[in-house]
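The values are calculated or read from the model by the stated rules, or taken from the named source; none is laboratory data. For clarity, every value in this text was computed on a predicted model and none was experimentally measured. Glycine also receives a Cβ, built like all others from the backbone with ideal geometry; neighbour counts cover every protein chain displayed. Only protein heavy atoms, including side chains, enter the accessible area calculation; ligands, DNA and RNA are left aside. Shrake-Rupley method; radii C 1.70, N 1.55, O 1.52, S 1.80 Å.
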Amino acid sequence: MCKWAKIARSAYYKHFDPQRQSSQREERDKRIEAKIIAIAKSNHSLFGTEKMTMAVNRQMSDERPIYHKTVYRLMCINGISSQKPRYQKPKFKHTTPEKTVENKLKREFN
């Protein structure tokens, strides 16, 4: 079954171990995740990854600094993303042959 799911056997048994304690990283991620969710709810998910990182670092100043990739990973897990509209390039307007100007130079290049 592990080969079919493409996971290591040790990971499978680690998941079902009742005596397994969570690691320091998992506990820290849970604390960061709670802050990210609280900040996203308070500002209606207007923050992107960089602004969210700054806000989390400000609120959790007693811990070591949090890297933006950690915040990005936790935001993706929880489905939190910025709600700002993305920039759209101006669309190209097609012209009719009547509107295009005739080539006044009429050069022939070799």
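Can you pull the accessible area of His44 for me, 1.4 Å probe, Å² to the nearest 10?
140 Å²
Given Cβ point charges of +1 (Lys, Arg) and -1 (Asp, Glu) and nothing else, what value in debye, to the nearest 20, does the dipole of the chain about its Cα centre take? Provide the component values of the computation, followed by the final result.
Working: 25 positive and 11 negative charges, 68 e Å.
Value, rounded to 20: 320 debye.
Averaging over all projection directions, find the projected area of the Cα convex hull of the chain and quote it in nm² with one decimal place.
17.7 nm²
Along the three principal axes, how long is region 23-78 when you take its alpha carbons, biggest first, rounded to the nearest angstrom?
Cα spread of region 23-78 along its principal axes, largest to smallest: 31, 22, 17 Å.
Roll a 1.4 Å probe over the protein chains and send me the accessible area per residue for the chain in Å². Can you show the working numbers first?
Numbers: 10500 Å² over 110 residues.
That works out to 95 Å² for each residue.
For a test of understanding, tell me how many lysine pairs in region 21-110 have Cα atoms under 21 Å apart, given they are 8 or more places apart or on different chains.
13
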